[in-house]
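Encoded as structure tokens, the structure appears first; notes follow it.
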Amino acid sequence: MTVERFELAPGYEISRLLRGGWQLAGGHGPVDAARAVDDMFAFVDAGVTVFDCADIYTGVEELIGEFRRRLLRERGAAALAALKVHTKFVPDWDDLATCDAAYVRAIVERSLTRLGAERLDLVQFHWWNYAVPRHAEIACVLADLAREGKIDQVGATNFDTPHAQAMFDAGVKLASMQVQYSLLDARPETALAGLCARTGMKLLCYGTLAGGFLSKAWLGKPEPSDLSHNRSLVKYKLVIDDFGGWDLFQELLAACQTTGDKHGVSLACVAGRWTLDRPHVAGIIVGARYAAHLADNLGMFGFALDAQDRARIDAVLASRKGPLGDTYTLERDKEGRHGRIMKYNLNKP
């Protein structure tokens, strides 16, 4: 299968499937670092030329940095230039009031060192607490670093529409917004899609497969009672609850399975294709420790959903209850169901 490409910004092209790095962080269980780096070649060879990571994903920038060195050594400068690494800038909750240009620069320089790069391809900015109203100011610092050549593109992640608009109003043109977007969570359609239409900002989507819930592995299975062994599943089970509960989720899985059987692809491919086809979506991020599911993921580029497929899926989506509100609003309630599972202080310059 040929992985589709997308021009995220003038002269800045990405693969529409991005290899997510969250599962490689130490908090998700043991990681075979040598295998993880070896498998990165499989993604690049398949046409997945964008890796997504973050400054707060423990050890992940370093793993990708090791891969970059091997890629240069084994395949040359042209192969390295074709790879793009999207990282993040996530100041700690406790540092938001005192975060300044020196703080931002220190973390950006640290990411450059970890990745072994002279310039960061895309930095996606996150701000935990709107009650500390400095996010537009700090976004301008990232824009200054871009003008210096330290960063190619500035993006953001998990901002709601008014606060994203504030960054545009401050003169920061965001190339992208990374958001949770899937068959189970359509909150970007509430208002953020309108900002995309007005500004040209594109969406990079995570959670598209809901941590593996949107797969045949869960079709016909009883509702799990304990997912404490897997942080990702804990997170996305909350989304399923908001969506309408386990029974409605099973109806959605069945509709996707029927669609996948028709096209000879997996249920997960149907879920990925649905999100890729939404307005303003540039690409989807699929998390993976290794390349075990890569061949299946590529199947989403080998078919198209037709009107009958969409009607089948829409019939289930018509009964969904949520999640409600703007992007990431539920997660910003630190005492709420979604917010309580977050970790807020993982970054130190």
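General remarks:
- Positive-end residue, the chain charge dipole about Cα centroid, Cβ charges, pick of 269, 77, 128: 77
- Projecting label points 7 angstrom from Cα along Cα→Cβ for residue 262 and residue 295 puts them 2.7 nm apart.
- Distance-filtered residues of region 137-175 - backbone nitrogen under 15 Å, label point 7 angstrom along residue 198 Cα→Cβ: 160-174
- Taking all Cα pairs closer than 8 Å and separated by 6 or more residues, the relative contact order of region 94-250 comes to 16 percent.
- Here the spin labels are modelled as points 7 Å beyond Cα on the Cα-Cβ line, and at residue 5 and residue 247 they lie 4.9 nm apart.
- Pairs with C-alpha atoms separated by more than 26 Å, drawn from the list 88/173; 237/334; 237/321; 173/321, are 173/321.
- Ligands, DNA and RNA are left out, and with a 1.4 angstrom probe the accessible area of the chain is 40 Å² per residue.
- Evaluated with a Cβ-only charge set (Lys, Arg +1; Asp, Glu -1), the chain carries a dipole of roughly 280 debye about its Cα centre, given to the nearest 20.
- Relative intensity, log₁₀ I(q)/I(0), of region 255-301 from a Debye sum that treats every alpha carbon as a point, q = 0.13, 0.26 Å⁻¹: -0.30, -0.98
- Report note on the peptides 108-116, 86-94, 157-165: ranked by the mean count of other C-beta atoms within 10 Å, highest first, their order is 86-94, 157-165, 108-116.
- Take the Cα of residue 35, step 7 Å toward its Cβ, do the same at residue 13, and the gap between the two points is 3.4 nm.
- Length gained when the stretch residue 152-residue 341 is fully extended (0.36 nm per residue, less Cα-Cα span): 64.8 nm
- The chain - percent relative contact order, Cα under 8 Å, separation 6 or more: 21
- Dipole orientation for the chain: of the candidates 299, 203, 283, 299 has the Cα lying most toward the positive pole (charges on Cβ; Lys, Arg +1; Asp, Glu -1).
- From most to least packed by mean Cβ count within 10 Å, the peptides 8-17, 68-77 give 8-17, 68-77.
- Accessible-area composition of the chain, carbon plus sulfur, in percent [1.4 Å probe]: 53
The values are calculated or read from the model by the stated rules, or taken from the named source; none is laboratory data. None of the values given here were measured: they were computed from a predicted structure. All Cβ positions, even for glycine, are placed from backbone atoms using ideal geometry, and neighbour counts span all protein chains on display. Remember, those area values only see protein heavy atoms, side chains included, never the ligands or the DNA or RNA. Shrake-Rupley method; radii C 1.70, N 1.55, O 1.52, S 1.80 Å.
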